[in-house]
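Here, each number is a calculation from the coordinates, and none is a lab measurement. Bear in mind the structure is a predicted one, so any value in this text is a computation, not a measurement. Glycine gets a Cβ as well: all are built from the backbone with ideal geometry, and neighbour counts include every protein chain shown.
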Amino acid sequence: MGGRDSDLVLLDENGIRCDGRKVDETRNISIKAGVLKNANGSAYIEFGDNKILAGVFGPRDVHPKHMSDTDTGIIRCRYHMSPFSVTERKNPAPSRREIEIGKVIKEALRPAVMLEKFPRTAVDVYVEVLQADGGTRCAALDAASVALADAGIPMRDMVSACAAGKVADTIILDVNNEEDQAGQADMPIGYMPNLGKVTLLQLDGVLTPAEFKKCLETGIEGCKQVYEIQKQALKDKYFANGEQQ
Amino acid sequence: MTSTFVIDQLKRNQINDLLEKGQRYDGRRFDEPRSLTIETGVIPKADGSARVRLGDTEVVTGIKIQPDRPFPDMGDKGIFICTAEILPLAHPTAEPGPPGEDVIELARVVDRGIRESGMVDLSQLVLEKDKSVIGIFADNSVTDHDGNLFDACSCASTAAILTCKIPKWEMIDDKPTLVEGQKSDPPITTIPVAVTMARIGDYILVDPNADEWACMDARITITTNSNGNICALQKGGDDGFTPEQIIQCSEIAISAGAKIRQKLEQLRQGR
């Protein structure tokens, strides 16, 4: 972690964090499914101050052709941050960080999607971070997962994501930007809540084995909370007319 | 470039059948890494270097140290940058060209392990705050590719940093100027070790070789520091882990990492 010192109090004596949350509380999360007209599936998520759009196309023909697999469909993911999404303008060309995040999101979604039903095709997931405020990869994965379901692509489970971390020697849920910059550890987690499998896991920062275990448990609890919000987003779209749920 | 291993179904079946009997294709125990040899000082023109062989995977890593501008928000710290390249001579499927996502991930995972462990105290590498700092560049060239480049590149980078010598610069007329003949040891605080494990079915295998890499369901790379704490982690591959498997992997990474760290400690003492 950066560990830069500043006047920022990450955790006060009452256990309240710099943005007023308790240690085991996520930021406000709202998800809307089906926000784009031309994509096969889409979702928009606001995760604290993160604002992220996800669009899904496919299963469709694979271009370039040599990428296609005769045994299974493939999934591809582009994670991209808009130049205006952060304080200093970001160069719009894809950075190494964005390429890596696209890869880990793709690998987090892969086990959930029944691609073997669609050989020789591709499912393309495009994620655009319109505003970033820490924890974008988790929020992006949450939106991408809802967008895949919205596209009607057969899935084994949702993928729900939330980070856990460590600030002021305390394990916390859902690390925000300030906590990421000045905190001690950040561990994004992606989890399939019904299958009980972790499909995205990264860690920056030092944790003892006991802290690591607690961090994993805390993060998974956060994922379960996100899962309920993802389900509600899909229900809101598909049962909007008061149809039977 | 991206190199993807493809193995035939017969070998895949054989690997799986052996695992059910508690054996690995190359005879190792599940928690046993391949033989590891570390040579340092192999490139005298570099400020530090190492050649690491991990089974039939080989990496040559060079450290170059030079003055640079600090990152805008980190004016009181030196720079550390790690890159990786799979050379086209390393494997028949390796091709020249810009790095693919696999290689970008490789470099970033190696970088993260060393950076997050705080291995090098970068605050001691400042020439003039916000203006000029010392940069450490660790460039990993994979010369022979038999799987698990994460551990090979991490080990080679760590070995090269441990044994590097930092030239001395002084600020003269606002410019960093080399002071000939004065070199110092790097400010090392801890020794990070990355341990990569593959999950094939319910089995966790330490240091998967290329064949195991081709059959794995998912992988995880866990970097630990000298205190036995976890300082970086990356899950990869097309499937996941249960939380219990992740805890199991973290325990394996701590114990397997300790053995590799002993080898690296010896380099440090011998420098």
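Structure values in brief
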item: Proxy reagent accessibility, fewest Cβ within 10 Å first, across B:T37, A:T72, A:T87, B:T83; result: A:T87, B:T37, A:T72, B:T83
item: Antiparallel %, DSSP beta bridges [both residues in the protein assembly as shown], to 5; result: 85
item: Inter-label distance, nm, simple model (7 Å from Cα along the C-beta direction), A:Q131/A:T72; result: 3.8
item: Stokes-Einstein translational diffusion, region A:29-239 - Kirkwood Rh over all Cα pairs, 1.567 mPa s, 4 °C, in µm²/s; result: 75
item: Proximal lysines to B:K21, defined as alpha-carbon separation beneath 19 angstrom and excluding residues fewer than eight positions away on the same chain; result: B:K11
item: Rg [Å, one decimal], Dmax [Å, integer] - the protein assembly as shown, C-alpha atoms; result: 23.1, 81
item: FRET efficiency, B:K129 to A:R96 (Cβ-Cβ, R0 25 Å, nearest 0.05); result: 0.35
item: Among the listed pairs A:K214/B:K263; B:K235/B:K263; A:K22/B:K77; A:K117/B:K235; B:K168/B:K235; A:K32/A:K106, those beyond 28 Å (Cα-Cα); result: A:K214/B:K263; A:K22/B:K77; B:K168/B:K235
item: Region A:29-239 - percent relative contact order, Cα under 8 Å, separation 6 or more; result: 23
item: 5 Å binning of all Cα-Cα separations within chain B, expressed as whole percents from 0 upward; result: 1, 6, 12, 17, 18, 15, 12, 8, 5, 3, 2, 1, 0, 0
item: Efficiency of FRET from Cβ geometry, B:I81 and B:T37, R₀ 35 Å, rounded to 0.05; result: 0.85
item: Per-pair calculated FRET efficiency, R0 = 30 Å: A:K231 and A:N14 via Cβ, rounded to 0.05; result: 0.35
item: Residues of type aspartates and glutamates that A:K224 reaches as a straight line, Cα spacing below 15 Å, ignoring anything fewer than 8 places off in the same chain; result: A:D24, A:E25, A:D142, A:D157, A:D174
item: Sequence-separation-based contact order of chain B, relative, with Cα cut under 8 Å and 6+ spacing, percent; result: 20
